[in-house]
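Working notes for the structure below.
Just so it is clear, none of the values below were taken in a lab; they were calculated from the coordinates. Note that the structure is a prediction, hence the values are computed from the model and not measured. With ideal geometry, Cβ positions are generated from the backbone for all residues, glycine too; neighbour counts draw on all protein chains shown.
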Amino acid sequence: MSFSLPDQLHTPRMVLRAPRPSDAAAIFAAYTQDSDVARYMTWRPHRTLAETETYFAYCMQAWESGRSRPYILALQASVAVPIGMLEARMLPHAIDLGYVLARAHWGAGLMPEAVRALGDAALALAGCFRVQATCDVDNHASARTAEKAGLAREGRLERYIVHPNLDAEPRACFLYARCR
Ligand SMILES: CC(C)(COP(=O)(O)OP(=O)(O)OC[C@H]1O[C@@H](n2cnc3c(N)ncnc32)[C@H](O)[C@@H]1OP(=O)(O)O)[C@@H](O)C(=O)NCCC(=O)NCCS
């Protein structure tokens with residue numbers, strides 16, 4: 001059974017909305033060039049705005065195709081200003097999440113709030129039974145985000161993914177999920 005996630009979601013403090021071409025410059029300034037933000041991600045810090053624009057073209061194409069919903073996170077007071085992203089990749093009966101937030105907004109519980117809201121919305125849909133996320137075993141902030149959003153650790157996946165800022169070889173990840 002297939003399902004469609006909403007185009008927009010509201011949390012107590014944020015809006016999750018579709019990416020726009022004009023977000024690329026703001027995201028570049030806010031975090032894609034930040035090596036602390038990129039540390040546990042699958043990409044290297046961007047050196048030029050053009051790299052972020054290329055990534056954004058992929059995001060908008062993925063959204064259009066229905067392959068994933070790469071939501072932009074913005075505070076409700078300034079919906080036009082992106083502070084991070086929460087991508088939901090569509091699986092047959094589930095979604096697989098990836099998330100990133102500008103360093104200036106870390107520590108305020110924003111990402112757990114977004115992940116919980118998206119999980120609530122997804123699991124309310126008839127075809128969606130599972131919300132999952134993986135993170136590097138050393139990425140404690142991401143593991144805590146999953147836990148605070150109601151996902152439970154299901155296991156450890158050895159040699160699962162390359163995090164190029166840490167190692168050229170694939171590293172172990174924790175798998176988290178919330179099901180109904
Ligand atoms: C992971 C991330 C999205 C967490 O978002 P957040 O909104 O800051 O989440 P929270 O405020 O709930 O904090 C989660 C944990 O981050 C850590 N943390 C909080 N503030 C921090 C700071 N200023 N610096 C570093 N880590 C911090 C704490 O371990 C916290 O857990 P706790 O609440 O039990 O103390 C954010 O740290 C981030 O974007 N990191 C870089 C990208 C990334 O690694 N994404 C995940 C890939 S799997």
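Within 10 Å of each residue's Cβ, count the other Cβ atoms and sort THR42, THR11 from fewest upward.
Listing THR42, THR11 from fewest to most nearby Cβ atoms yields THR42, THR11.
Which shape class, rounded, prolate or oblate, goes with segment 77-160 when its Cα gyration tensor gives a ≥ b ≥ c as root eigenvalues, a/c under 1.5 marks rounded, and past that a/b bigger than b/c marks prolate?
In terms of gyration-tensor shape, oblate.
Tell me, what is the percent relative contact order of the chain, built from C-alpha pairs under 8 Å that lie six or more residues apart?
Once normalised by length, the contact order is 22 percent.
Round to a whole angstrom and tell me the spacing of the C-alpha centers of segment 32-48 and segment 107-162.
20 Å
For ARG116, ARG67, ARG39, what's the fewest-to-most ordering of other Cβ within 10 Å of each Cβ?
Arranged by neighbour count, lowest to highest, ARG116, ARG67, ARG39 become ARG67, ARG39, ARG116.
Sticking with the crude label model, points 7 Å out along Cα→Cβ, report the distance from ASP167 to ARG67 in nm, one decimal please.
Simple spin-label model gives 2.8 nm for this pair.
Tell me what the chain gives for mean residue ellipticity at 222 nm when only DSSP H runs of n ≥ 4 count, each as -39,500 (n - 2.57), the sum divided by the residue total, rounded to 500 deg cm²/dmol.
Roughly -8000 deg cm²/dmol at 222 nm, from the helical runs in the chain.
Order these by the 10 Å Cβ neighbour count, fewest first: ILE161, ILE27.
Arranged by neighbour count, lowest to highest, ILE161, ILE27 become ILE161, ILE27.
Rounded, prolate or oblate: pick one for segment 9-133, where a ≥ b ≥ c are the square roots of the eigenvalues of its C-alpha gyration tensor, a/c under 1.5 means rounded, and failing that, prolate if a/b is larger than b/c, else oblate.
prolate
What distance in nm separates the two pseudo spin-label positions at LEU125 and GLN76, each 7 Å out from Cα along the beta-carbon direction?
Result for the modelled spin labels: 2.4 nm.
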